[in-house]
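**Student:** My questions will all concern the structure given below.
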Amino acid sequence: MITGVVGQLTEVTELAAIVRLGGGTPPDPGVAMGFSRPGPLAVATSEGTPGVSLEVLIPAFLVPIMRERIGSPVTFLTHCYFEGVGQGASFVPKLLGFLTSQHRDFFFLLTSVSGIGNRKALRIMAQPPAAIAAWLLDGNIKGLRSLPEVGAKVAELMVAELKSKVGPFLSVDERGPDESGPAGAGQDAAGSPADRAGGGSARRAALAPTLPRSTRPPAVEQAIAALVSLGETRGDAERKIDLVLDRAGGGDRPPLDSVDAILASVFRQANG
């Protein structure tokens, strides 16, 4: 069982990252890569670039983040499954990749809903888990329907089955200032609509006993964890994030209050 992948990110497609395992030289961007077989394990055949590359399917919200990291080291926590082809006549192994265990756990939560398979769950994760979790908690059908492949019936089913299970994935705004935990992406600093209307207090009180504390905002902790999984030391990750946070929010620049926004700013800073 493959539980993790470490290598160089060489390409990002619509819903997959190509990760080159150790050894060999990076492929020339101008040379088309050929692969010996379909599936997650593919032997590179382009001249001068011996080695093995893996196709890792990733959640949709990670695609733009990973595109900023092409050519850099990357680490994915993985889940392997077999996908039927030819009406089940044969099966092809597929490898799914996540930056954090929390992203992976949220994926498993989605696939527990009837009718949501592995690929559909990856497409549904077009927003960070904390944002989707907040919609589920609030019963926000409109927000859920904005996700790919989620219609009214699927959204209602997701709320019915998952509303009581999303506590560990909520952002600090849904949990309250004293119940910070490891979840954290994508919530506005003012909180969810329900919180602004005063409806979040009861939910936070109910969730508080089981939520661990954190010394940093959840979005910052998640961004640090993401950079560490990409090969940074924790100290370097903290310094890079502190730098962009210090520069954010001044003048016309909006504050960085989501994982995606923080990481995008770090990558822009690194690229000059």
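The values are calculated or read from the model by the stated rules, or taken from the named source; none is laboratory data. Since the model is a prediction, treat every value here as computed from it, not as a measurement. Neighbour counts are summed over all protein chains in view; Cβ atoms, including those assigned to glycine, are modelled from backbone coordinates with ideal geometry.
**Student:** Report the residue count in region 111-127 for those that are buried (at least 22 other Cβ atoms within 10 Å of the Cβ) and either under 19 Å from K153 (Cα atoms) or among the hydrophobic types (A, V, I, L, M, F, W, C) (or both).
**Tutor:** 3
**Student:** What is the one condition in (1) under 17 Å from A17 (Cα atoms); (2) among the aliphatic types (A, V, I, L, M); (3) over 14 Å from the mean Cα position of the chain (by Cα) that L99 does not satisfy?
**Tutor:** (3)
**Student:** Quick check: is even one residue across region 88-100 within 16 Å of G4 (Cβ to Cβ), free of Cβ contacts under 8 Å to residues at least 40 places away in the same chain and among the polar types (S, T, N, Q)?
**Tutor:** No, region 88-100 contains no residue that is within 16 Å of G4 (Cβ to Cβ), free of Cβ contacts under 8 Å to residues at least 40 places away in the same chain and among the polar types (S, T, N, Q).
**Student:** Hey, does region 20-37 have a residue that's at pLDDT 85 or above and at negative phi?
**Tutor:** Within region 20-37, one or more residues are at pLDDT 85 or above and at negative phi.
**Student:** Taking Q187 as the residue in question, decide whether it is at negative phi, in contact with a helix residue (DSSP H, G or I) (Cβ under 6 Å, 6 or more places away or on another chain) and at pLDDT below 75.
**Tutor:** yes
**Student:** Okay, moving on. Which residue pairs have Cβ atoms closer than 6 Å, lie 6 or more positions apart in sequence or on different chains, and pair a first residue in region 58-84 that is under 18 Å from R123 (Cβ atoms) with a second residue that is of a type in the set (K, R) and surrounded by 14 or more Cβ atoms within 10 Å (Cβ to Cβ)?
**Tutor:** Here the result reads A60/R123; Y81/K94; E83/K94, each pair linking region 58-84 to a residue that is of a type in the set (K, R) and surrounded by 14 or more Cβ atoms within 10 Å (Cβ to Cβ).
**Student:** Right, something else. I'd like to verify a number: residues in region 73-108 that are in a helix (DSSP H, G or I) and among the hydrophobic types (A, V, I, L, M, F, W, C), how many?
**Tutor:** Here the count works out to 3.
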